[in-house]
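The values are calculated or read from the model by the stated rules, or taken from the named source; none is laboratory data. Note that this is a predicted model, so its numbers are computed, not measured. Positions of Cβ are backbone-derived with ideal geometry, glycine not excepted, and every protein chain shown enters the neighbour counts.
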Amino acid sequence: MKTKYIRLIIVSLSLSLFTFFGCSDDVSDGKEGIIHFELTYIDGENSNPIITFLPNTMTYAFKNGQTIQKVEGWGGVFKMIGMSDTKKDSVTALMKILGEKFKYQCRLGEDSFGYEPLEGCKIKYVNGTKEIAGYKCKRAIATYKDQKFELYYTEDIKIENANWNTPFKDVKGVLLEYQISMFKINTKIVATKVDKIKVDDSEFDIPNDYTSVKKEKIEETVYKFM
């Protein structure tokens, strides 16, 4: 009889631990988590000394049709955040620099921020796959003017409008490796890790201590320091 009770206690504890530490359905099926990216500046420090101070990492959290992308550099002096909400059809760009805090808002897909548009860029889907951050990614070739570079994307992470803030909006998958120009600096972005964890709803709250401005004001401020 005592053995039976001990077994029941063990089973109960096991179920409790699984409930506490286990992933929710959204986490396990790729609908919620955080992607970590590494940023590499292709042109090198010799082309632009400011590259020395630019961030080398970026995070991208996603949940329930919401995303938040964060880049921070200069020891916290500079921070850029891009937020999207497909349910509200809204995009918010936040920038903090030397104590100034600016906010720019628009509709989803209306205007990109940070990335320079690649008008006339052609994307060709080709054979070949590559594993990145534990995900099997499909390959594509982007051609823009005299440039040609590879894109890798996965369909196993479920983010709606994942590429809303890049020139590659038409790619039907989450980009885990791509190349872009951010504020006239050529940058390669590669995922290093995907955390399949629950993301707190408060992560997507828009702070109220940022001043609303036009996109041009934010870009003007950034270029002033570039």
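Here are the numbers for this structure:
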| quantity | calculated |
| --- | --- |
| Any hit, the stretch 213-226, residues being outside any loop (DSSP other than H, G, I, E, B) and modelled with pLDDT of 95 or more | no |
| Residue match in the stretch 88-98 (condition: farther than 14 Å from I218 by Cα, in contact with a Phe, Trp or Tyr (Cβ under 8 Å, 6 or more places away or on another chain) and surrounded by fewer than 20 Cβ atoms within 10 Å (Cβ to Cβ)) | no |
| Filter result (within 30 Å of K122 (Cβ to Cβ) and free of Cβ contacts under 8 Å to residues at least 60 places away in the same chain) within the stretch 204-218 | E216 |
| Residue match in the stretch 184-202 (condition: under 16 Å from L94 (Cα atoms) and in contact (Cβ under 8 Å) with a residue 40 or more places away in the chain) | no |
| Matching residues in the stretch 184-197 - criterion: being modelled with pLDDT under 95, among the charged types (D, E, K, R) and out of contact with any Gly (no Cβ under 7 Å at 6 or more places or on another chain) | K184, K188 |
| Count of residues meeting criterion [aromatic (F, W, Y), at pLDDT below 95 and under 26 Å from I68 (Cα atoms)] in the stretch 123-148 | 0 |
| Criterion: surrounded by fewer than 20 Cβ atoms within 10 Å (Cβ to Cβ), out of contact with any helix residue (DSSP H, G or I) (no Cβ under 6 Å at 6 or more places or on another chain) and under 23 Å from N127 (Cβ atoms) - qualifying residue of D170, D195, D201 | D170 |
| Subset of the stretch 149-183 [at pLDDT 85 or above and basic (K, R)] | K158, K172 |
| Total residues in the stretch 163-193, condition farther than 21 Å from L108 by Cα and basic (K, R) | 3 |
| Residues (assigned to a loop (DSSP other than H, G, I, E, B) and touching a residue at least 24 places away in the same chain (Cβ under 8 Å)) located in the stretch 160-179 | E160, N161, A162, W164, N165, T166, P167, F168, K169, D170, V171, G173 |
| Filter result for I157 (surrounded by fewer than 19 Cβ atoms within 10 Å (Cβ to Cβ) and part of a loop (DSSP other than H, G, I, E, B)) | no |
| Among the residues listed as I180, I132, the single one being of a type in the set (A, V, I, L, M, F, W, C) and touching an Asp or Glu at 6+ places or on another chain (Cβ under 7 Å) | I132 |
| Residue ID - farthest from the chain's Cα centre (by Cα), chosen from residues in the stretch 51-87 that are over 24 Å from K193 (Cβ atoms) and surrounded by 15 or more Cβ atoms within 10 Å (Cβ to Cβ) | T86 |
| Scan of the stretch 115-147 for residues that are part of a strand (DSSP E or B), under 15 Å from F168 (Cα atoms) and either of a type in the set (F, W, Y) or touching a residue at least 40 places away in the same chain (Cβ under 8 Å) (or both), ordered by number | Y115, I123, Y125, Y144 |
| Residue that is farthest from A142 (Cα to Cα) [pool: residues in the stretch 181-210 that are among the small types (G, A, S) and part of a strand (DSSP E or B)] | A191 |
